[in-house]
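S.K.: First the structure, then my questions, so here it is.
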Amino acid sequence: MIDLKEILLNSNYKKETEELINIANLAYKHWETYWTGFNSTYVCEEILKDFENLNDFKFFIYGGFSSSQRSRIACFRGDNIPEEDALKSNFPAQGIKIIGNFLFDNATQDDFRSLLIENGINQIKVGDIWTIGDRGAQGIIDNSDIKHLDEKIFYLRDVKIKVNVVDIDELQIPSGRLKKLVNTVEASTRLDAIASAGFRVSRTKIIERIEHGMLRLNGSKVNKPTINLKIGDKLELENKGFIEILNLEITKRERWKVKLLRK
């Protein structure tokens, strides 16, 4: 069994790491593959850095398609490694189509995600959600939590929608988000200033999301927009991806040249 306290000691993602430790113990005991819930793909990658030296276990990150922003971690014994194709074909999730006419009432992926959560779906059961023009949205969801959703009618604000459960291969998979360098000049290195520039979200909305616990700094939730950042810091904004600070340089006019990597 894994020493839980030792691995959790320096983890920035204690809840997620504890879940992985628990399923790793199950995988070792029962010689089967077990999956975590959905987390951001970046968080999955960060968590596994703490498990690199555990040769008794192997892991696989997957979210239903290659460029998914939210994924699950599969864990299995190092002496009982399944084929990658088998892991993908047995991925414990299905697709959903949320169909409605949003021509005159735009909705975001956050709106559709909130709709699912408000109707009884745990957040860690929901994978990627993406909009399909003004016709609604599609997404991926844990296959143990969706029977009550199939063919059901709901309302998102005043728009009537219908939810259909489908196989993942019936979805219109979105194109992947490419890594992108962002160069900006800011008056300070404050969290809200750099996050606003990096995620291309207004300062007001960034502050709102910080106050609602939707932004993480180096894995930990923060609630103060005035924190000054440094080179190497990593920001995660819920449903918006990640940015890493590559360089900070003060100018002659005492402003800050900021170089970011968005992914």
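No value in this document is a laboratory result; all are computed from the given coordinates. Predicted model only: the values in this text are computed from it and were never measured. Cβ: placed from backbone, ideal geometry, glycine included. Neighbour counts: every protein chain shown.
S.K.: Would you mind counting up the charge near W256? Only other residues with Cβ under 13 Å from its Cβ, with Lys and Arg at +1 and Asp and Glu at -1.
M.R.: +4
S.K.: Taking 0.36 nm per residue of sequence separation and subtracting the Cα-Cα distance, how much length would be gained by fully extending the chain between S202 and E83, in nm to one decimal?
M.R.: 38.4 nm
S.K.: From the helices alone, meaning DSSP H stretches of at least four residues, give me the mean residue ellipticity at 222 nm for the chain, per-run term -39500 (n - 2.57), in deg cm²/dmol to the nearest 500.
M.R.: When only DSSP H runs of four or more count, the value is -7000 deg cm²/dmol.
S.K.: Would you kindly compute the Cα radius of gyration of the stretch 93-170 and its largest Cα-Cα separation (Dmax), both in Å?
M.R.: Expressed in Å, the Cα Rg and Dmax of the stretch 93-170 come to 11.2, 34.
S.K.: For the stretch 27-136, which trypsin sites (Lys or Arg not before Pro) are in a loop by DSSP, counting at most 16 other Cβ atoms within 10 Å?
M.R.: Answer by residue number: R135.
S.K.: Separation between the N122 and K263 pseudo-spin-labels, each 7 Å from Cα along Cα→Cβ, expressed in nm?
M.R.: Simple spin-label model gives 2.9 nm for this pair.
S.K.: Viscosity 0.890 mPa s, temperature 25 °C: give me the Stokes-Einstein translational D for the stretch 180-262 in µm²/s, with Rh taken as the Kirkwood radius over C-alpha pairs.
M.R.: 198
S.K.: What distance in nm separates the simple spin-label points at Q172 and H30, each placed 7 Å from Cα in the Cβ direction?
M.R.: Modelled inter-label distance: 3.9 nm.
S.K.: Need the C-alpha centroid separation for the stretch 5-33 versus the stretch 35-56, integer Å.
M.R.: 9
S.K.: In Å, the Kirkwood hydrodynamic radius of the chain over pairs of distinct alpha carbons?
M.R.: 20.1
S.K.: Something else: May I ask you to compute the full-extension gain from L181 to F104, defined as 0.36 nm times their residue separation minus their alpha-carbon distance, rounded to one decimal in nm?
M.R.: 24.3 nm
S.K.: So, one more: Modelled label-to-label distance, R253 and D158, 7 Å Cα→beta-carbon offset: nm?
M.R.: Once both label points are built, they end up 4.6 nm from each other.
S.K.: Further, regarding this structure: Mind putting a number on the dipole of the chain about its Cα centre? Charges go on the C-beta only, +1 for Lys and Arg and -1 for Asp and Glu, and I need it in Debye to the nearest 20.
M.R.: 1320
S.K.: On to the next question. Apply 1/(1 + (r/R0)^6) to the Cβ-Cβ distance of L246 and L8, taking R0 = 22 Å, and write down the FRET efficiency to the nearest 0.05.
M.R.: Step by step, r from the Cβ atoms, then E = 0.15.
S.K.: Is the stretch 4-89 rounded, prolate or oblate when judged by the Cα gyration tensor, a ≥ b ≥ c being the square roots of its eigenvalues, rounded requiring a/c under 1.5 and prolate requiring a/b larger than b/c?
M.R.: oblate
S.K.: Using alpha-carbon positions, what is the distance between the centroids of the stretch 225-260 and the stretch 110-161, in Å?
M.R.: The stretch 225-260 and the stretch 110-161 have Cα centres spaced 33 Å from each other.
S.K.: Around P225, under 15 Å between beta carbons, what's the net of Lys plus Arg minus Asp minus Glu among the other residues?
M.R.: Value of the local net charge: +2.
S.K.: Assuming a strict under-13 Å limit between Cα atoms, what lysine pair count do you get for the stretch 180-262 once near-sequence pairs (fewer than 8 apart, same chain) are dropped?
M.R.: Close lysine pairs found across the stretch 180-262: 6.
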